[in-house]
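One structure is given here, and the rest of the page talks about it.
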Amino acid sequence: MLFLYNFIITIADFFLKIIALFNPKIKLFVSGRKTVFSTLAQKINANDKTIWFHAASLGEYEQGLPVIEKIKEKHPSHKIVLTFFSPSGYEVRKNNIVADATVYLPMDTKKNAQEFLKLVHPEMVFFIKYEYWPNYLNELKKLNTPTYLISGIFRKNQMFFKWYGPFYRNALNTFTHFFVQNEASKNLLLQLEKTNVTISGDTRFDRVAAILEKDNRLDFISEFKDDTLNVVIGSSWPKDEELLVDFINSNTNNVKFIIAPHNIKNEQIQQLKNRINKKTVLFSEKESKNLADFDVFIIDTIGILTKIYSYADIAYVGGGFGNPGVHNLLEPATFGVPIIIGPHFSHFAEAIALVNLKGCISITNGKELTAIFETLITDESNRKKKGSICSEFVNRNKGATSLILENIQ
């Protein structure tokens, strides 16, 4: 089976290089891996002590960040090596300050795994949430390197639990310990006779709770808000925006809107702006404007949405009309903001919990969207009650990072 897996990886690598000629994202995926080994050779010396963290993409990085920071505090003499699989993670966080070396993870061939581990020679390894690369894991096992899964999630439909799963189940034998988010994940691992499991919860709660301790001020957002009720629309997709633009255009309440689209390509931003009949300004043109004069502020940049949520009275989080579903709810939740989302959220435990608690409201069409916006805008008591539910939910679920640190010492 390993032979077949390696053959598939080799074929995939070949075709990705061809696709990269026509696809910008795949081009980043391929070209970014060309300099991995030379970068590691420059930044990691043979005598360095290192700890390796792997994140599939941006969400997993944010999830693992509290653990990375605490490990760095406890092991200040070690260098932190951070790898990403996806360009959407690497390109956004390649200049982070928490890691000493940030690179793409080379394709999972035996040769790449051996070369990577020879250069990095980690004393500990952390895989965040998921991604199980058999060649890397096999080589780590041969080296007897302590390897941990943090904030892990397991579901019945994963390959480990299928009739064809033995090959992938063997990869799990590498892990020294599994830190999983919930009891269901632990029970599934127990079915595979994995007893080295701790329910630690989700480290994202620690990350978002820590946001409250940071300086979240953005003077230009304060200028725009101008003490007016503010709706923040985060990570919106076109299907979200179809409903939202209709509401914005028809709204007669004294409300301002900030829209931070998931995709900030110029063509899509201009299309969005042109469909709005209220006074609208872009982030990219804010320097020449009196922001308080505008009703809608479109954020055509990345990296500041978290801070923008601190100015929200109501939040709409996008992605809930697509697959796999809604984006990160925990950032607005930690600021005590009531949240509105689309109907697709069943893959996200925090969304399910907040909907059940009624701090978050799921809508399926424009009529429902208008009704809940009108209620939250005009009923301050209701708005604050739902916001409190969200912030209390985050506070109750903190502590995963401390539990992980206690169990790996």
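The values are calculated or read from the model by the stated rules, or taken from the named source; none is laboratory data. Every value quoted in this text rests on a predicted model; they were computed, and no experiment measured them. Cβ: placed from backbone, ideal geometry, glycine included. Neighbour counts: every protein chain shown. Only protein heavy atoms, including side chains, enter the accessible area calculation; ligands, DNA and RNA are left aside. Shrake-Rupley method; radii C 1.70, N 1.55, O 1.52, S 1.80 Å.
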Candidate residues LEU105, LEU229: accessible-area rank, largest first, probe 1.4 Å: LEU229, LEU105
Lysines with Cα under 19 Å of LYS25, excluding same-chain neighbours fewer than 8 positions away: LYS17, LYS34, LYS94, LYS265
Per-residue ³J(HN,Hα) for segment 242-256, Karplus 6.51 cos²θ - 1.76 cosθ + 1.60, θ = phi - 60°, Hz, x for Gly and Pro: 4, 6, 5, 5, 4, 5, 4, 5, 8, 5, 10, 6, 7, 9, 10
Hz values of 3J(HN,Hα) by residue in segment 74-81 - Karplus curve (6.51, -1.76, 1.60), Gly and Pro given as x: 7, 10, x, 8, 8, 8, 9, 10
Stretchable slack from LEU143 to ASN263, in nm (0.36 nm times residue separation minus alpha-carbon distance): 39.0 nm
Label-point separation in nm, ASN407 to THR228, each point 7 Å along Cα→Cβ: 4.9 nm
GLU69-ILE352 pseudo-label distance in nm [points 7 Å out on the Cα-to-Cβ vector]: 2.9 nm
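Whenever you get a sec, compute what percent of the accessible area on segment 5-51 sits on carbon and sulfur atoms (1.4 Å probe). Kindly include the intermediate steps, with their values, before the conclusion.
Details: 2070 of 3170 Å².
Ligands and nucleic acids excluded, carbon and sulfur give 65 percent.
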Within straight-line cross-link reach of LYS142, aspartates and glutamates at Cα separation under 18 Å, skipping those fewer than 8 residues along the same chain: ASP108, GLU115, GLU123
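Tell me what the chain gives for mean residue ellipticity at 222 nm when only DSSP H runs of n ≥ 4 count, each as -39,500 (n - 2.57), the sum divided by the residue total, rounded to 500 deg cm²/dmol. Can you show the working numbers first?
On the way: 19 runs with 189 residues, N = 409.
Mean residue ellipticity, 222 nm, calculated: -13500 deg cm²/dmol.
Could you sort out which of LYS307/LYS358; LYS72/LYS286; LYS156/LYS385; LYS74/LYS110 sit more than 27 Å apart by Cα distance in this structure? Intermediate results must be reported in sequence, preceding the final value.
Working: LYS307/LYS358 24 Å; LYS72/LYS286 38 Å; LYS156/LYS385 36 Å; LYS74/LYS110 32 Å.
With Cα atoms farther than 27 Å apart: LYS72/LYS286; LYS156/LYS385; LYS74/LYS110.
Cα gyration tensor of segment 16-102, axes a ≥ b ≥ c as square roots of the eigenvalues: rounded (a/c below 1.5), prolate (a/b > b/c) or oblate? Spell out each step's value before the answer.
Working: a/c = 3.37, a/b = 1.60, b/c = 2.10.
Because a/c hits 1.5 or more and a/b fails to exceed b/c, segment 16-102 counts as oblate.
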Most to least accessible of PHE85, PHE257 (protein chains only, probe 1.4 Å): PHE85, PHE257
Gain on full stretching of the segment that runs from PHE22 to THR195 - 0.36 nm per residue minus C-alpha separation: 57.6 nm
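Could you rank ASP215, ASP202, ASP246, ASP313 by how accessible they are, 1.4 Å probe, largest area first?
On the way: ASP215 80, ASP202 10, ASP246 100, ASP313 45 Å².
Per-residue accessible area, sorted high to low, gives ASP246, ASP215, ASP313, ASP202.
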Gyration tensor (alpha-carbon) shape descriptor, segment 136-232, a/c threshold 1.5: prolate
Other-chain or far-sequence residues with amide H under 5 Å of THR50's (modelled H): LYS79, GLU123
For a label point 7 Å along the Cα-to-beta-carbon line of ASP100, residues of segment 60-93 with backbone N under 18 Å: 68-84
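For the chain, what class follows from the C-alpha gyration tensor (a ≥ b ≥ c being the square roots of its eigenvalues): rounded when a/c is under 1.5, otherwise prolate if a/b is larger than b/c, else oblate?
On the way: a/c = 1.91, a/b = 1.66, b/c = 1.15.
It comes out prolate by the Cα gyration axes.
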When each of LYS141/LYS398; LYS49/LYS162; LYS256/LYS384; LYS239/LYS279 is checked by Cα-Cα distance, pairs over 27 Å: LYS141/LYS398; LYS49/LYS162
Two-site label geometry, TYR130 and LEU2: point separation in nm, points 7 Å out along Cα→Cβ: 2.5 nm
Those residues of segment 98-135 whose amide nitrogen sits under 11 Å from the label point placed on SER77, 7 Å along Cα→Cβ: none
Under the Karplus curve 6.51 cos²θ - 1.76 cosθ + 1.60, θ = phi - 60°, whole-Hz ³J(HN,Hα) for segment 176-184, x wherever Gly or Pro sits: 5, 7, 10, 9, 10, 7, 8, 5, 4
